[in-house]
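Reading through the structure tokens given below for one structure.
The values are calculated or read from the model by the stated rules, or taken from the named source; none is laboratory data. Only a predicted model underlies this, so the values are computations on that prediction, with no experimental measurement involved. Cβ sites come from the backbone with ideal geometry, for glycine too, and all protein chains shown count toward neighbours. Quick note on the areas: whole protein, heavy atoms, side chains included, nothing else; ligands and nucleic acids left out. Shrake-Rupley method; radii C 1.70, N 1.55, O 1.52, S 1.80 Å.
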Amino acid sequence: MDVKVVIFDWDGTLVDSVDHIADSLHQAATELGYPELEREAYRDIIGLGMIEALEKLYPGISREEMNTIREGYARYFFSKTTTPQNVFEGMADVLADLRGGGRGCSVATGKSRRGLEGALVSSGLGTHFDITRCADETRSKPDPAMLGEIIRFYGIEPSQAVMIGDTRYDLEMAQRIGMPSIGVEWGVHKRDVLGHYSPHAIVDSVKDLRDVLGL
């Protein structure tokens, strides 16, 4: 695939963190008396910014209630540090090989800046990225604002980059800005969902991803 820049989602794409996020949301909400939802509901909002995620999980929630849940979520989530062992096998090599081949790498994530900054260091992946964008400093997926900021940083057109992600929010974001995308099936959403957003490819292994990227 002939692109200059490869943009990665973080959770569920580079790092195996989906279950920890879902567990942290579940614990934070239910301990405050919010109804216990199906596990899939907590997984389905991964990729959104926290405000958007909580509005979807608990329609009508107030900002004050939201802040209380967010505090509990942060307490649970940050009790566990992302390590190199949490990176999906082979993805660190993908990043290294992309950089070695002269392509730019960046991150567009629904994580907070605080969450991403810590994970970039503790995962060992941080040195691979030229620029990163988080939901709390721009707009949440599927709004393509963060992709727009990334391509302006590189001075390229949307067609010269590719968005790689595991959720429909990643692929819809790319579709809305006219950027090709690659869906990965080892995170939140599977082929039947990802296929609705006309991705360039959907892969179910890191080897297949390498093939699509020409590595």
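Brief remarks follow.
- Between the amide H of Val203 and those of Gly183, Val184, Glu185, distances stay under 5 Å, these residues lying 5 or more places away or on another chain, with hydrogens modeled in the peptide plane.
- For region 40-194, the spread of Cα coordinates along the three principal axes comes to 47, 33, 31 Å, biggest extent given first.
- Packing rank of 25-32, 48-55, where each peptide gets the mean count of other beta carbons within 10 Å, highest leading: 48-55, 25-32
- When you count the other C-beta atoms within 10 angstrom of each residue and take the mean per peptide, 158-166, 61-69 line up highest first as 158-166, 61-69.
- Measuring nothing but protein heavy atoms, the accessible surface of the chain at 1.4 Å probe radius is 46 percent carbon and sulfur.
- In the chain, helices alone account for a calculated mean residue ellipticity at 222 nm of -12500 deg cm²/dmol, with every DSSP H run of four or more residues adding -39,500 (n - 2.57).
- Extension gain (nm, one decimal) between Arg99 and Asp208, 0.36 nm per residue minus Cα-Cα: 37.4 nm
- Computed over the chain: relative contact order in percent, which uses C-alpha pairs under 8 Å that are six or more apart: 25 percent
- Based on Cα atoms of region 22-99, Rg over Rh with Rh as the Kirkwood radius reads 1.09.
- Residues His196, His189 ordered from highest to lowest accessible area at a 1.4 Å probe: His196, His189.
- Region 1-131 - Debye-derived log10 I(q)/I(0), Cα point model, q = 0.20, 0.21 Å⁻¹: -1.12, -1.20
- Mean sequence separation of contacting Cα pairs (under 8 Å, at least six apart), scaled by the length of region 79-200, corresponds to a relative contact order of 18 percent.
- Under the Debye formula (equal points on every Cα, no solvent term), log10 I(q)/I(0) of region 167-215 at q = 0.19, 0.23 Å⁻¹: -0.54, -0.77
- By average C-beta atoms within 10 angstrom, highest first, the peptides 34-40, 115-121: 115-121, 34-40
- Given charges at beta-carbon only (K, R positive; D, E negative), |dipole| of region 36-88 in Debye: 260 debye
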